[in-house]
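The values are calculated or read from the model by the stated rules, or taken from the named source; none is laboratory data. As the structure is a prediction and not an experimental result, all values here were calculated from the model. Cβ placement follows ideal geometry from the backbone for every residue including glycine, while neighbour counts extend to all protein chains displayed. Keep in mind that these areas ignore ligands, DNA and RNA; they rest on the heavy atoms of the full protein, side chains included. Shrake-Rupley method; radii C 1.70, N 1.55, O 1.52, S 1.80 Å.
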Amino acid sequence: MAIDNNLYEKSIKILTDLIAFQTVSGTDNSELINYCEKILNELGIETFKVFDDEEKRVNLFGTLKAKKTNGKKPIILSGHTDVVPVSKGWSSDPFTATIKDEKLYGRGSCDMKGFIACTLAFAPVFKKSNLDRDIHFCYTFDEETACIGAPLLIKELKKRDIKNGICIIGEPTNMKIIDAHKGMNEYTVHFGGLAGHSSKPHMGVNAIEYASRYINKLLELRQELIKRAPKDCIFDPPHSTLSIGGISGGIAHNVIADKCKVEWETRPVNKADGDFVTQEIEKFVSEKLLPDMKKVFPDSYIKKEIIGEVVGFEKLDESEACEFVSSITGDNSREVVSFGTEAGLFQEVGISTVVCGPGSIEQAHKIDEFIELNELKKCLNFLDGIKNKSIN
């Protein structure tokens with residue numbers, strides 16, 4: 001169908017507002033959540049929030065109750081509100097939406113505030129419809145940093161007995177169906193040694209040097225992961241990956257570094273690979289690395305901080321969520337991706353889940369991120385299809 005122009009313009013206006021909220025992962029997203037909640041509450045949609053420990057970052061969940069249920073599973077429209085940091089080189093202000101050549105530029109435009117904007121713009125249409133199933137609106141924090149927010153929300157959903165339904169994660173897929181992706185485990189490892197004068201390196205414990213040995217072991221394990229690639233693996237690359245994201249430590253050329261930090265991640269194709277890496281690196285630390293440090297300085301330490309361990313999104317032969325989306329889009333094809341989403345978390349608690357949303361992942365996390373305006377129209381048409389399958 002042809003989407004009403006007022007609805008399309010409204011989605012652009014809401015997306016413009018959402019981009020202006022600088023919700024970089026790890027920062028306060030409460031103003032954006034309050035904005036979303038106001039839109040939903042003004043329609044009479046009931047909402048609740050789930051906060052982090054500091055009550056600065058927050059998830060929002062809203063429910064539009066069916067006028068008369070007809071045994072159909074509720075629909076969960078889910079998106080994350082955080083965006084990745086901005087690097088230099090943008091052609092325009094990344095937090096001011098700019099339209100040019102039928103594209104809307106701005107940080108988070110495609111990943112994934114475009115989807116959230118469409119759901120909020122379409123909410124009044126759902127409200128006016130004679131729904132025979134509940135429609136849920138789900139907006140999370142800190143997906144980009146190992147999905148920190150969603151598990152807190154899902155825990156609350158279980159308490160409220162919201163454990164059934166069809167969840168649509170609106171990550172940018174050009175409205176194609178994604179039915180599987182790898183897991184994602186992120187860690188920060190802190191090394192503590194003994195400072196001293198660089199002219200006598202044997203008198204200190206150089207945290208950077210031990211961190212380097214740790215990294216070398218990780219790189220060895222990376223090669224082992226390639227050898228462990230499952231037969232006929234559906235992913236690209238067809239094996240679990242491991243990447244070093246950062247290393248920092250030391251204060252001067254002539255001072256033995258007593259502190260160092262290593263950031264790394266692995267994206268396992270299965271849980272066994274994740275367990276393999278954990279067991280091997282911890283064995284190396286406990287049997288070799290840490291004893292060597294403590295020989296010189298007994299108070300040396302190596303502490304692993306778990307940023308997040310996110311389950312993969314498992315491919316299923318039969319998926320009610322995928323079939324539901326196919327029935328609307330007419331596209332029966334299914335694809336897999338190597339990037340992570342919150343899909344596995346919903347799938348883990350028994351909610352049939354699919355990843356499908358407007359925009360292209362090719363623009364995500366990049367300078368001059370954009371979403372093609374036609375993708376917003378496609379998403380609004382998709383939401384209209386959900387409405388048509390949710391009315392008496």
Mean-square fluctuation maximum in Gaussian network of the chain, Cα pairs under 10 Å, restricted to Leu242, Leu290, Leu77, hits Leu290
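Using a probe of 1.4 angstrom, how much of the accessible area of the chain is carbon and sulfur, in percent?
Values: 8680 of 17840 Å².
On the chain, the fraction of accessible area on carbon and sulfur atoms equals 49 percent.
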Across Leu104, Leu345, Leu316, the residue with the highest GNM fluctuation in the chain (Cα network, 10 Å cutoff) is Leu316
Cα extents of the range 293-392 per principal axis, largest first, Å, are 72, 37, 24
Under a Gaussian network model of the chain whose springs join Cα atoms within less than 10 Å, the largest fluctuation of Ala211, Ala117, Ala150 belongs to Ala211
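For every helix of n ≥ 4 consecutive DSSP H residues, a contribution of -39,500 (n - 2.57) applies; sum these over the chain, divide by its total residues, and give [θ] at 222 nm rounded to the nearest 500 deg cm²/dmol.
On the way: 10 runs with 129 residues, N = 392.
Computed ellipticity for the chain at 222 nm equals -10500 deg cm²/dmol.
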To the nearest 20 debye, the chain has a Cα-centred charge dipole, built from +1 on Lys and Arg Cβ and -1 on Asp and Glu Cβ, of 400 debye
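For the range 203-250, what's the relative contact order in percent, using C-alpha pairs closer than 8 Å and at least 6 residues apart?
On the way: 22 pairs, mean separation 18.0, N = 48.
Reported as a whole number, the value is 38 percent.
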Taking Cα atoms only, helix 114-128 is inclined relative to the longest principal axis of the chain by an angle, in degrees rounded to 10, of 30 degrees
A chain fully extended from Glu220 to Lys271 at 0.36 nm per residue, minus the present Cα-Cα distance, gains in nm 16.4 nm
Measuring from the longest principal axis of the C-alpha atoms of the chain, the long axis of helix 271-284 (C-alpha) lies at a number of degrees, nearest 10, equal to 20 degrees
In whole Å, largest first, the alpha carbons of the chain cover along the principal axes 78, 45, 40
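Could you give the size of the charge dipole of the range 288-392 about its Cα centre, using +1 on the Cβ of each K and R and -1 on the Cβ of each D and E, expressed in debye and rounded to the nearest 20?
Working: 12 positive and 19 negative charges, 86 e Å.
Roughly 420 debye, rounded to the nearest 20.
Ranked from highest to lowest mean number of other Cβ atoms within 10 Å per residue, what is the order of the peptides 4-13, 33-42, 367-376?
Details: 4-13: 15.0, 33-42: 17.6, 367-376: 20.6.
Descending packing order for the listed peptides: 367-376, 33-42, 4-13.
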The pairs in Lys67/Lys315; Lys13/Lys127; Lys65/Lys387 lying past 25 Å Cα-Cα in this model are Lys67/Lys315
With bins of 10 Å, the percent of all Cα-Cα pairs of the range 1-98 per bin from 0 is 12, 35, 34, 15, 3, 0
Longest principal axis of the chain (C-alpha) makes with the long axis of helix 320-329 (C-alpha) an angle, in degrees to the nearest 10, of 50 degrees
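Whole number please: convex hull volume per residue of the Cα set in the range 299-353, in Å³?
Numbers: hull volume 5.9 nm³, N = 55.
Roughly 107 Å³ of hull volume per residue.
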Here the Kirkwood hydrodynamic radius of the range 90-211, Cα-based and in Å, equals 19.6 Å
Taking the alpha-carbon centre of each part, the distance from the range 245-294 to the range 313-392 in Å is 36 Å
In the chain, taking the dipole from +1 charges on Lys and Arg beta carbons and -1 charges on Asp and Glu beta carbons about the Cα centre, the listed residue (Thr278, Ala66, Met184) farthest towards the positive end is Ala66
Expressed in square angstrom to the nearest 10, the accessible area of Met203 with a 1.4 Å probe stands at 120 Å²
